[in-house]
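Below you'll find the structure, written out as structure tokens, and then a few comments.
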Number of protein chains: 2
Amino acid sequence: MNAPHMDLDEFRRAGHAVVDWIADYWTTLHQRPVTSADPPGTVAEALPGSPPATGGEPVEAFLADLDAIVLPGLTHWQHPGFFGYFPANTSGPSLLGDLVSSGLGVQGMMWATSPACTELETVMMDWLAELLDLPPRFSSTGSGGGVIQDSASSATLVATLAALHRASGGRWRGAGIDRRYRAYTSVHGHSSIEKAARIAGLGADGVRALDVDPDTQALRPDALRAAIEADLAAGDVPAIVVATIGTTSTTAIDPVAEIGAICAEYGIWLHVDAAYAGAAAVCPELRWSHAGLEYADSYCFDPHKWLLTGFDCDAFWVADRSELVEALTVLPEYMRNAASESGAVLDYRDWQVPLGRRFRALKLWFVLRWYGVEGLRAHIRSGVALAARFADHVRADDRFELAAAHPFSLVCFRLRADDDTNAELLASVNATGRAHLTHTRVAGRYILRLAVGSPQTTEAHIDETWTLLAEAADKLLTR
Amino acid sequence: MNAPHMDLDEFRRAGHAVVDWIADYWTTLHQRPVTSADPPGTVAEALPGSPPATGGEPVEAFLADLDAIVLPGLTHWQHPGFFGYFPANTSGPSLLGDLVSSGLGVQGMMWATSPACTELETVMMDWLAELLDLPPRFSSTGSGGGVIQDSASSATLVATLAALHRASGGRWRGAGIDRRYRAYTSVHGHSSIEKAARIAGLGADGVRALDVDPDTQALRPDALRAAIEADLAAGDVPAIVVATIGTTSTTAIDPVAEIGAICAEYGIWLHVDAAYAGAAAVCPELRWSHAGLEYADSYCFDPHKWLLTGFDCDAFWVADRSELVEALTVLPEYMRNAASESGAVLDYRDWQVPLGRRFRALKLWFVLRWYGVEGLRAHIRSGVALAARFADHVRADDRFELAAAHPFSLVCFRLRADDDTNAELLASVNATGRAHLTHTRVAGRYILRLAVGSPQTTEAHIDETWTLLAEAADKLLTR
């Protein structure tokens, strides 16, 4: 007896229906509240307690339940009024490229397990490196190369592991953490840096969260040098520095050139995390933000944030791929094959934590071909211009102040009022369902963040959001 | 100026075209060679050296290049003649559920960032736990719960981290690896166990690869006890035991109940890796393979292997979710929110390595609803029956021998000849392009592996593959 597999005529029919459902969702997205007001448990309670004993429902029944149960419970990240966190925007071409990946269903863990999956990825990473004008050392044609990770968190982890391999002189692979290794970043380094250090066995105590310049919120090179010297004096081993281009709180830009010179002096691995802001480097006029990158041993940015490619797609490069592979490779008999043993191919399983790999290069290929270099630049410029427009609104209202520079598409601002009032302002605007912003703290102060990324966001959405903020401020300041 | 985003009419049109392209691929898949014979570099050389300056090509141009450049360079994992490694099979419903995920483009890192993404996942993991008749302690309605990981490799890593947190009495979070922790598995434990131990800072030396019973290839409990005692005597800290249900080489089944009793005696975390064979537990008649699971602190299996759900989808459960969250949580200001602080919700970012999360529960929901419990059982039974049919062919030919039991859908066999001859046999059959098998070594001997998983595989494919093997043996043995 065979399972009732979906036959291919039904797949075509249902597939068209799902494509149309998605197009309808995108068409009506701007009318929905950006977030759900339902309490915890609402979605779970609407679902049956057990899987159905028999199948056979048409896909239309699934789509009806998506409409009735799932959509009301979502935060709509693709909504033109979504300004929270960092953007995570996708696009039609990305979606279709990923659909092809689902349809092919191949595994790219090794070159031999699907050669085109590896080779297209290598070429796409070289294309991206050219698109961002990255240093030549990251190209696969030399000793470096790029790979798709699921996220910048995993990129930081992988960089940390390669750094430990280097800092230990190769000892770490066998012996593990048998001395105190240290990682360095600024107090505004992403939480994934501490998470990576914890995972790698350095412990939270192994991370030096360094002071920043109070004007720029960027890491202070003198603080880095002092921390390294103190650790060396204590007999600890400095392993990795993570510099950030575009911190999560305020898109601050660490001085990579100065940091890199220090790393070179002490022989410490430099990883540069440009998860969000890296995409800006597709525009020549924004490449100043990447100054000093030639010092980096590894670098990453997320096309799934601000480059129209659906999650997950973090682009990660190393200057010396052999160090990374040495750190991570494990070769059981059941994976041995002639191609790997020839040394003529890349096996991306050795560049990442998991073994299995989806064919993620397809969505990048579709995005890069659909938009072309100029199309992607236009998208970045649109985000920067919309953020600048919002910042102009803030500047024109004396009740508000900008809280940081806005070189990219994030604007940090606040009411000239106490933290609680700012928190109320945020809650009040978010409760309208027309816009969704998030917050941070800088030097202890509560700051609102507005990050632009959706291709659907226009000047009208920016202006509407500003009006909502100004009206909410009216109420808060006159009560 | 806006980038030339794909408008929604074009998305509908192109989306239908991609769905049809996939249906055509599946329809003609059985006619293709399973693997590519092209040398390394073939695909890369066929691609332009740079991204296009401008976009604007229709998606049909991308599909034409897929046909011309990509398909000839693939190993076709969905092919009815693909019998390599373990299966990684998808299905129409999975593909459509994942397409919805791409279209929604939400982030499920926290409950607050898209409540339905978290709640549907929790419910689907409870459904799966019921489907496999897992111990009640893994249900989210108690102190446990399930989460989707990208792969069993990541599940093993996460289990290792939670185990270190427990073994250290909470010290590991801050101090990292500051003593020698040990992990235990059999010599047939998956390579990801060593990789997880290396990543976690235990080093390869921290893994005890234990002897197996020569008849069953299953871990010997007495060897485990002896290793634990030796490590304790040396002052080391036993942290985790990884038992396997269905090893990669031969689908051997470790004696989980006996191992679990030892873990309970010494207070060691027990992780059970059933990456491939876990799916078998949907069938009541195969649940004997999961005996002793009530001892496990964590358990995983891959719906993306043998349960018709596209990669990536590893289902991972813990008996005590608070230990896992304590081990992994990092809470920066920009992620603080009222729902998380209420304690009433699950934030899955704290259950995994990455921060970001795709809405992967949708594909599981579509698969479980489309097939229903009985449909999934039929799929598993079909694989077991096809493997048994193949094993009957092996038994009926005196030149061959079975190399292990075949409780699931993997058959291990060999020619009664030397290893080189067996390797030639494998290469010869794979070179036909009609079938693809891989190999392993057991007790030093070269073994061929045939793993059934594709919904398209029928008795005719099994019989054809056997004929290819028998004919190749004719040539090899008479030359």
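The values are calculated or read from the model by the stated rules, or taken from the named source; none is laboratory data. Predicted, not measured: the structure shown is a model, and the values here were computed from it. Methodologically, a virtual Cβ is constructed for each residue, glycine included, from the backbone with ideal geometry; neighbour enumeration extends over all protein chains shown.
Which ones in segment A:11-24 are at the interface with chain B (Cβ under 7 Å from one of its Cβ atoms) and either out of contact with any Gly (no Cβ under 6 Å at 6 or more places or on another chain) or part of a loop (DSSP other than H, G, I, E, B) (or both)? Listed by number, the residues that qualify are A:12, A:14, A:15, A:16, A:18, A:20, A:23.
Got a sec? Which of A:115, A:93, A:136 is at pLDDT 95 or above and over 23 Å from residue A:363 (Cβ atoms)?
Numbers: A:115 fails: over 23 Å from residue A:363 (Cβ atoms); A:93 fails: over 23 Å from residue A:363 (Cβ atoms).
A:136 is the lone residue from the list that is at pLDDT 95 or above and over 23 Å from residue A:363 (Cβ atoms).
Taken over segment B:51-77, residues that are touching a helix residue (DSSP H, G or I) at 6+ places or on another chain (Cβ under 6 Å) and either surrounded by fewer than 13 Cβ atoms within 10 Å (Cβ to Cβ) or of a type in the set (Lys, Arg) (or both) amount to 2. Filter segment B:348-374 for residues that are more than 7 Å from every other protein chain (Cβ to nearest Cβ), assigned to a helix (DSSP H, G or I) and not β-branched (Val, Ile, Thr) and give the result. Residues satisfying the conditions are B:348, B:349, B:350, B:351, B:361, B:362, B:363, B:364, B:365. Per this entry, residue A:42 is not counted among residues that are outside the structural domain of residue A:447 (by TED's automatic domain parsing), over 21 Å from residue A:307 (Cβ atoms), buried (at least 24 other Cβ atoms within 10 Å of the Cβ) and polar (S, T, N, Q).
For the condition more than 7 Å from chain A (Cβ to nearest Cβ) and under 23 Å from the mean Cα position of the chain (by Cα), what is the one hit in B:88, B:112, B:163?
B:163
With respect to the conditions (1) within 7 Å of chain B (Cβ to nearest Cβ); (2) β-branched (Val, Ile, Thr); (3) within 30 Å of residue B:179 (Cβ to Cβ), residue A:100 falls short on a single one, namely (3).
For segment B:310-343, residues that are more than 21 Å from residue A:199 (Cα to Cα), facing another protein chain (nearest Cβ under 10 Å) and among the hydroxyl-bearing types (Ser, Thr, Tyr) total 2.
The residue that is nearest to the other protein chains (Cβ to nearest Cβ), counting only those in segment A:380-437 that are of a type in the set (Lys, Arg) and in contact with a strand residue (DSSP E or B) (Cβ under 8 Å, 6 or more places away or on another chain), is A:414.
The criterion of being surrounded by fewer than 20 Cβ atoms within 10 Å (Cβ to Cβ) and either over 21 Å from the mean Cα position of the chain (by Cα) or under 24 Å from residue B:274 (Cβ atoms) (or both) holds for residue B:385.
Residue-wise test of (1) more than 30 Å from residue B:359 (Cβ to Cβ); (2) at pLDDT below 95.
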site	(1), (2)
A:288	yes, no
A:291	yes, no
A:301	no, no
A:342	yes, yes
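Scanning for something in contact (Cβ under 8 Å) with a residue 12 or more places away in the chain, in a helix (DSSP H, G or I) and at the interface with chain A (Cβ under 8 Å from one of its Cβ atoms), does segment B:77-85 turn up at least one residue? No, segment B:77-85 contains no residue that is in contact (Cβ under 8 Å) with a residue 12 or more places away in the chain, in a helix (DSSP H, G or I) and at the interface with chain A (Cβ under 8 Å from one of its Cβ atoms). Here residue A:98 qualifies as under 28 Å from residue B:304 (Cα atoms) and of a type in the set (Asp, Glu).
Elements of the type strands (runs of 3 or more DSSP E) sitting completely within segment B:391-479 and holding at least 1 residues that are more than 30 Å from residue A:104 (Cβ to Cβ) and in contact with a Leu (Cβ under 9 Å, 6 or more places away or on another chain): these cover B:400-402, B:410-415, B:445-451. Only one of the numbered conditions (1) of a type in the set (A, V, I, L, M, F, W, C); (2) touching a residue at least 12 places away in the same chain (Cβ under 8 Å); (3) closer than 19 Å to residue B:75 by Cα; (4) surrounded by fewer than 23 Cβ atoms within 10 Å (Cβ to Cβ) is not met by residue B:450, and that is (4).
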